[in-house]
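The values are calculated or read from the model by the stated rules, or taken from the named source; none is laboratory data. It should be emphasised that the depicted structure is a prediction, and the values quoted were computed from it without experimental measurement. Every residue, glycine among them, receives a Cβ derived from its backbone with ideal geometry; neighbour counts consider all protein chains shown.
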Amino acid sequence: MADTLAPSPVPARRLPGGVPLLGHALHLVRRPLEFVEELRDHGPVVVFRIGTRPAYMVSTGELLKDILITHQSKFEKGGTLFDQATKLLGNGLAASNGELHLRQRRLSQPAFHHGRMGIYARAAIESVEAVSASWRDGQVRDVGRELNGMTMEILARTLFSRLTPEAAAEIRATLPALVAGVGRRAFLPVDFVHSLPLPVNRREAADLRRLYEVVDGIIADYRAGDLDQDDLLSMLMLARDEQTGEGMSTQQIHDEIRSMMVAGTETSATLLLWAFQVLSTRPDVERRVHAELDEVLEGRPVTYADLPRLPYMGRVIQELLRMYPTGWILTRRATAEVDLGGYRVPEGADVFFSPYALHRDPELFPEPDRFDPDRWLPERARSIPRHAYLPFGAGVRKCIGESLAYAEITIAFAALAGRWRLRSVTDGPTRAVARSTLRPKESRMRLEARRPQRTAP
């Protein structure tokens, strides 16, 4: 009896609508979060257009497993978003492909070893305490800006132990606008507009030159002195490939630094801002966070050793990452024709996926728009499909700094929430703004000092 042949893959369903030259790009710009959820609800693989170029949106966890793990050799970092991001990230871990990416990951891995987390945590604790000490009861502060500055300070202490105040100020001044520019360029795919001598384009070009100069200066200072500084940069500069004995080139170190600057500030600062926005509208969650902190810390400062003893706060962070993934939309480029769930994706195609849309799929997460930390209790979390939750990616491209990010976020959240209540200055939940990252629209909040409650002996 002849073997039954598998059915040939079929073309993916095409999304109707769109306008000449721009395709569906205006939908991504004007209502991005609604658009990715609409694409999800149209089917597992849907073709839409960014400009005149077709793009494939993949929306199920099983198919994302195929892209990120099973058939990962048929996809590379690329597509509309990453083509723009590489201007900022260079060819670091976040954007490189193939053998270069594998080599750089091998060289960088020791810097993120679990045994080093305690060292980095001390830097985080000191930076957070400095911010907390500067706050005053009743003030209205731009908390988003301050959290960005705080995470940049943490990065400076862990990545560059010899960073000068002048260099740190330059990085803080240039990086946020450059990150914002990635989304603007990616979702308005009219290349000539981004090349025009417009004020915004001139500012971005000048900021990028300044950032390049700062990073080059940092590397030169390290090469001129003692490299063994027990920080991330010195470990990268001292790393040697076990197979070849070679280290990273100056250009590669430069690119890795810029990648870490973006990854090490945007994710943590944005998630912390979301944390306090959520607590300001969910007093039930806030009470449980405060009760756990008071019971575990008893009024003393948080330490790295305390993190496993804060399970509810851990679940709050997991739920924040579900509802507000910083990388709300990501892209790959197919390097070969591939069958995804019976749909044909051609070689060279831009493939999009949205952790935001995946994490809010009602078939995977009941009441997906409800903030519910207890959905991550072990007995409930077992029902969540493994690849339905991708805050840090999966497979060989999973974020190398995941453990460091979790530690930094938990320490900062615990230290600030233990001593402060933050209240939104607007009525109701703040609106999410999706550009290069997913941020709250409002970042000003009112500070209310709280006195930690010590448990009875």
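Would you point out which residue out of Ser436, Ser443 is within 26 Å of Ser134 (Cα to Cα) and surrounded by 15 or more Cβ atoms within 10 Å (Cβ to Cβ)?
From the options Ser436, Ser443, the qualifying one is Ser443.
Are there helices (runs of 4 or more DSSP H) fully within the stretch 47-157 with at least 2 residues that are closer than 27 Å to Ile171 by Cβ? List them.
Qualifying helices (runs of 4 or more DSSP H): 80-89, 98-108, 117-134.
Could you say whether any residue in the stretch 440-457 is of a type in the set (Val, Ile, Thr) and within 17 Å of Val302 (Cβ to Cβ)?
Within the stretch 440-457, one or more residues are of a type in the set (Val, Ile, Thr) and within 17 Å of Val302 (Cβ to Cβ).
Within the set of pairs 6+ apart or on separate chains, which have a first residue in the stretch 31-49 that is at positive phi, a second that is assigned to a loop (DSSP other than H, G, I, E, B) and surrounded by 19 or more Cβ atoms within 10 Å (Cβ to Cβ), and C-beta atoms under 8 Å apart?
Qualifying pairs under 8 Å: Gly43/Ala12; Gly43/Ser59.
State which residue is farthest from Pro378 (Cα to Cα) when the search covers only the stretch 310-333 and only residues that are polar (S, T, N, Q) and more than 13 Å from the chain's Cα centre (by Cα).
The residue in question is Thr331.
Could you tell me whether the stretch 317-324 includes any residue that is among the acidic types (Asp, Glu) and either within 17 Å of Pro44 (Cα to Cα) or out of contact with any helix residue (DSSP H, G or I) (no Cβ under 8 Å at 6 or more places or on another chain) (or both)?
no
Take the stretch 233-253 and flag every residue that is surrounded by 13 or more Cβ atoms within 10 Å (Cβ to Cβ) and in a loop (DSSP other than H, G, I, E, B).
Result: Ala239, Asp241, Gly247, Met248.
Residues checked against (1) within 20 Å of Pro325 (Cα to Cα); (2) in contact with a Pro (Cβ under 8 Å, 6 or more places away or on another chain):
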residue: Ala25; (1), (2): no, yes
residue: Pro32; (1), (2): yes, no
residue: Gly43; (1), (2): no, no
residue: Val46; (1), (2): no, no
residue: Thr52; (1), (2): no, no
residue: Gly61; (1), (2): yes, yes
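Conditions (1) closer than 24 Å to Pro355 by Cβ; (2) among the polar types (S, T, N, Q); (3) surrounded by 13 or more Cβ atoms within 10 Å (Cβ to Cβ); (4) out of contact with any strand residue (DSSP E or B) (no Cβ under 9 Å at 6 or more places or on another chain), marked per residue:
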position	(1), (2), (3), (4)
Pro9	no, no, yes, no
Pro16	no, no, no, yes
His27	yes, no, yes, no
Arg49	yes, no, yes, no
Pro54	yes, no, yes, no
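Is it true that some residue in the stretch 408-416 is in contact with a Lys or Arg (Cβ under 9 Å, 6 or more places away or on another chain), hydroxyl-bearing (Ser, Thr, Tyr) and touching a residue at least 24 places away in the same chain (Cβ under 8 Å)?
For the stretch 408-416, residues in contact with a Lys or Arg (Cβ under 9 Å, 6 or more places away or on another chain), hydroxyl-bearing (Ser, Thr, Tyr) and touching a residue at least 24 places away in the same chain (Cβ under 8 Å): absent.
Which residues, counting only those in the stretch 417-457, are modelled with pLDDT of 90 or more, in contact with a strand residue (DSSP E or B) (Cβ under 6 Å, 6 or more places away or on another chain) and assigned to a loop (DSSP other than H, G, I, E, B)?
Val425, Lys441, Ser443, Arg450 - these are the residues of the stretch 417-457 that are modelled with pLDDT of 90 or more, in contact with a strand residue (DSSP E or B) (Cβ under 6 Å, 6 or more places away or on another chain) and assigned to a loop (DSSP other than H, G, I, E, B).
Only one of Ala291, Ala275, Ala269 is within 27 Å of Asp142 (Cα to Cα), at pLDDT below 95 and out of contact with any Asp or Glu (no Cβ under 6 Å at 6 or more places or on another chain); which?
Only one candidate passes the filter, namely Ala269.
Within the stretch 295-398, which helices (runs of 4 or more DSSP H) (wholly inside it) include 2 or more residues that are at pLDDT 95 or above and crowded, with 16+ Cβ neighbours inside 10 Å?
The qualifying helices (runs of 4 or more DSSP H) are 311-323, 355-359.
Which condition does Glu242 not pass, out of (1) over 22 Å from Ile119 (Cα atoms); (2) at pLDDT 85 or above, if it passes all the others?
The failed condition is (2).
When the stretch 106-158 is examined, which residues are found to be touching a Leu at 6+ places or on another chain (Cβ under 8 Å) and farther than 30 Å from Arg423 by Cβ?
Correct list: Leu107, Ser108, Ala111, Phe112, Met117, Tyr120, Thr158.
Out of (1) free of Cβ contacts under 8 Å to residues at least 60 places away in the same chain; (2) within 30 Å of Ser59 (Cβ to Cβ), the odd one out for Gly401 is which?
Of everything listed in (1) free of Cβ contacts under 8 Å to residues at least 60 places away in the same chain; (2) within 30 Å of Ser59 (Cβ to Cβ), Gly401 misses just condition (1).
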